[in-house]
Amino acid sequence: MQYRLLILGLAMIAGLFTVPVYGKEIFKDDAGRVLYTVDDDGSVSMFENSPTDLTISVTRGSREQMQPQITEISPESIAAGASPILRLKGKNLVGATVKLSAPTIEIGAYAGKPKSLDLPLRIPAGIPPGPVVLEVTTPIGSTKATLKILELRIGGAEPAKRETTGKQAIMTVAPSACPDGMVGVAAERGGFCIEIEQTFAAAYPKAEKACAISGKRLCQALEWRTACEEAAAGRLPLKDMLGDWEWTGTQAIKEVPGESTDYGGTGELRSILLGQSNCKTERDYQTWRTETISGRCCK
């Protein structure tokens, strides 16, 4: 008997068994993983899951204690035209969704962890400066934080002056440092980091999550092309950029098959794939399809 209990304990430590879930209310994500349970006495359990569906941690408390909280937002201000990763720190952020008071700001794929939430943002160049309210919601409750939008900055200089009539050079620089397995690419607004090789193969929703889980995002089509051209010229050590279609985070509306891409119309939403034969040829891919396609992340 003691031997069996020992084996069971070791197996659970090794992650071979998931934690059993019992509760009056159960909240799951789109993949069917349990995020929260609420017991008959009102106690809340929050589950942090790995990409392979194993339970990493369980946090328990009363409904009041398990409300989402934001204690820090970094950076606190972002210039118009930027595409940063906004990091929220706090508590009870598993399964959080985010809504912005400025609907023109685009949010990439993200996945909340117990104490942090990384949001890939795309700030339009024409957005007016001022505060933007972020509403963070989980199945247990919601909270708010404020982000400040600054005027458009060109080349990292002071805010652009509207009275300037001459042409201004836009500086392109690479990030000073990138995470392991990534390399910096020179571009506007400080450049970006891209993974050296393909790191996943999945359908679109899982492709987004594969990047979001590690605080990254799918590369935009323009970023992917820039990196591909640099690699083709021998200036970046990227692997397998050509030969297979790869995901990008750029999506567009196709009115009718065979017509040109319309980024502002209404019709069928398509994702842009790149890399089959060269750095520029695109494939418009229906987002509802479930074909497994390779990809790499940017940051």
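The values are calculated or read from the model by the stated rules, or taken from the named source; none is laboratory data. None of the values given here were measured: they were computed from a predicted structure. Every residue, glycine as well, gets a Cβ built from its backbone with ideal geometry; the counts of neighbours run over all protein chains shown. All accessible areas refer to the heavy atoms of the entire protein, side chains included, with ligands and DNA or RNA removed. Shrake-Rupley method; radii C 1.70, N 1.55, O 1.52, S 1.80 Å.
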Pick from the stretch 81-120, criterion at pLDDT below 90 and either touching a Pro at 6+ places or on another chain (Cβ under 6 Å) or aromatic (Phe, Trp, Tyr) (or both), ranking: surrounded by the most Cβ atoms within 10 Å (Cβ to Cβ): 110
Flag for residue 251 being open to solvent by 20 Å² or more (accessible area, probe 1.4 Å) and in contact (Cβ under 8 Å) with a residue 60 or more places away in the chain: no
The stretch 204-244: number of residues that are at positive phi and open to solvent by less than 60 Å² (accessible area, probe 1.4 Å): 2
Residue list for the stretch 219-230, restricted to those being among the small types (Gly, Ala, Ser) and at pLDDT 90 or above: 227
Any chance residue 201 is open to solvent by 20 Å² or more (accessible area, probe 1.4 Å) and without any contact (Cβ under 8 Å) to a residue 60 or more places away in the chain: no
Residue match in the stretch 129-137 (condition: open to solvent by 30 Å² or more (accessible area, probe 1.4 Å), at pLDDT 90 or above and hydroxyl-bearing (Ser, Thr, Tyr)): yes
Top-ranked residue of the stretch 4-46 - restricted to ones that are more than 22 Å from residue 138 (Cβ to Cβ) and open to solvent by less than 40 Å² (accessible area, probe 1.4 Å), ranked as modelled with the highest pLDDT: 9
Hits in the stretch 72-92 - residues which are of a type in the set (Val, Ile, Thr) and more than 12 Å from residue 146 (Cα to Cα): 85
Count of the stretch 54-80 residues which are open to solvent by 40 Å² or more (accessible area, probe 1.4 Å), without any contact (Cβ under 8 Å) to a residue 24 or more places away in the chain and part of a strand (DSSP E or B): 5
Some residue of the stretch 141-155 being part of a strand (DSSP E or B), within 16 Å of the chain's Cα centre (by Cα) and over 22 Å from residue 28 (Cα atoms): no
Tally, over the stretch 191-218, of residues that are at pLDDT 90 or above, outside any strand (DSSP E or B) and among the acidic types (Asp, Glu): 1
